[in-house]
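The values are calculated or read from the model by the stated rules, or taken from the named source; none is laboratory data. Quick caveat, the model's predicted, so the values are computed rather than measured. Cβ: placed from backbone, ideal geometry, glycine included. Neighbour counts: every protein chain shown.
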Amino acid sequence: MRRLYYRWLVSPCMFALIFILAACGGGSTGPTTGSNGNGSASPTTSTGNTTSTPTPTPTPVGTSTVSFTASGGLSGANVITVPVESNDNQLITTPKNKTFKIVAIDNLMIFSLTVLPYNGPGSYTLSNKYFPDNSQNETLTVQSGQKAWGGYKRLSPSWTCPLTIASDTAATITVAGNPLPVHEIKGSFSCSMLLSALNTDPPVSLSNGQFDVFVLHLLNESA
């Protein structure tokens, strides 16, 4: 009987020991939570968003571009890019007509183009012909530093340049949190002989002329 009694004393002690070991073993699994299966911490779950790939900066909406290749008094390929913050392009609507203007400036290079009257997509002829009553104004000017070609010259030989407006799309862009009504106008041009504005330099030939510009739409009801 004493031996039987001894066994019953040992069994509860063994049960308590097993319970303690089991509790200790269960607690040891805590640090491995979120591991990648081999006991080491997984960088994906532990680092959260720190492993995300940086997003590239997009091209600002509203950037205007004018490009052309020049030869003669001015030579080389030229690309003028104007951000929306410096945009001076205009589409002016009056009760009588519309005027389309491009003014693109990049360092010492200035490209300007004016079409009056402007009737949307179609073909136009730029020239140095002068109209005293300002009923018509279709010309362009290219300036590099102190030298300039094109524009109006009443006494100079005449020149003409074909212009094509391919598309004219109304849109709205946001600048500094403010919505602006604009038109995105795309077109092409070329000039076989653009004369020096001061008759001091050889003529310039322009080829591969292209533009994709955003134009601020202005209403002038008093004109």
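At-a-glance table
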| quantity | calculated |
| --- | --- |
| Residue in the stretch 11-19 that is part of a loop (DSSP other than H, G, I, E, B), more than 30 Å from T139 (Cα to Cα), among the polar types (S, T, N, Q) and at pLDDT below 85 present | no |
| Residues located in the stretch 169-185, provided they are at pLDDT 95 or above and surrounded by fewer than 16 Cβ atoms within 10 Å (Cβ to Cβ) | T169 |
| Matching residues, the stretch 58-101, being of a type in the set (A, V, I, L, M, F, W, C), in contact with a Lys or Arg (Cβ under 9 Å, 6 or more places away or on another chain) and part of a strand (DSSP E or B) | L91, I92 |
| Subset of the stretch 130-149 that is outside any loop (DSSP other than H, G, I, E, B) and of a type in the set (S, T, N, Q) - its residue that is farthest from T200 (Cα to Cα) | N137 |
| Close pairs (7 angstrom Cβ cut-off, 6 or more residues apart or separate chains): over 14 Å from D212 (Cα atoms) and touching a residue at least 40 places away in the same chain (Cβ under 8 Å) in the stretch 80-94, small (G, A, S) and surrounded by fewer than 14 Cβ atoms within 10 Å (Cβ to Cβ) anywhere | T94/A223 |
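Okay, residues lined up against (1) in contact with a strand residue (DSSP E or B) (Cβ under 8 Å, 6 or more places away or on another chain); (2) closer than 15 Å to N89 by Cβ; (3) surrounded by fewer than 18 Cβ atoms within 10 Å (Cβ to Cβ):
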site: I110; (1), (2), (3): yes, yes, yes
site: T114; (1), (2), (3): yes, yes, no
site: G120; (1), (2), (3): yes, no, yes
site: L140; (1), (2), (3): yes, yes, no
site: S144; (1), (2), (3): yes, no, no
site: S196; (1), (2), (3): yes, no, no
site: F211; (1), (2), (3): yes, yes, no
